[in-house]
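Student: Pasting a structure below so you can have a look.
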Amino acid sequence: MHLSSWATGSSGASLPAESRSLVASRRLLRKGFLFLLGGLTLTFLFVWSRIQVIRVGYEVSRLKSANNELEREVGQLRLTAAKKKTLGRLNEHAAHAGMALPGAAQIIYLDEK
């Protein structure tokens, strides 16, 4: 039987004042418990969201550091590639491979038509 129907009774007669005060205190206790449970739930959600924000902030910081490192590496690779493309360096590699500049008799000019 539900508590509120027990408090009024099936015949509609009211309970003694002591029983009514017990029912009222139980209702108050239940409401207080639900209020406390709701407050704890909201507190937990707030703390969890703050922890997530901090975690994401650390992840963003780590990714920015990794990005800066990769940008430095790209710069170094571009510098290395530019050094290897210089004319003197190409001439050194060609001489090492057995290549030489052509003689004047080996150059043939074509007419533009």
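The values are calculated or read from the model by the stated rules, or taken from the named source; none is laboratory data. This is a predicted model, so every value here is computed, not measured. All Cβ positions, glycine included, derive from the backbone under ideal geometry; neighbour counts span all protein chains shown.
Student: Looking at (1) within 40 Å of the chain's Cα centre (by Cα); (2) at pLDDT below 95, find the lone condition where LEU36 falls short.
Tutor: Among (1) within 40 Å of the chain's Cα centre (by Cα); (2) at pLDDT below 95, the lone unmet condition for LEU36 is (2).
Student: Now, a different point. Which one of LEU87, LEU70 is among the hydrophobic types (A, V, I, L, M, F, W, C) and either surrounded by fewer than 10 Cβ atoms within 10 Å (Cβ to Cβ) or in contact (Cβ under 8 Å) with a residue 60 or more places away in the chain (or both)? It would help to see each step written out before you state the result.
Tutor: On the way: LEU70 fails: either surrounded by fewer than 10 Cβ atoms within 10 Å (Cβ to Cβ) or in contact (Cβ under 8 Å) with a residue 60 or more places away in the chain (or both).
Selected residue: LEU87, the only one of LEU87, LEU70 that is among the hydrophobic types (A, V, I, L, M, F, W, C) and either surrounded by fewer than 10 Cβ atoms within 10 Å (Cβ to Cβ) or in contact (Cβ under 8 Å) with a residue 60 or more places away in the chain (or both).
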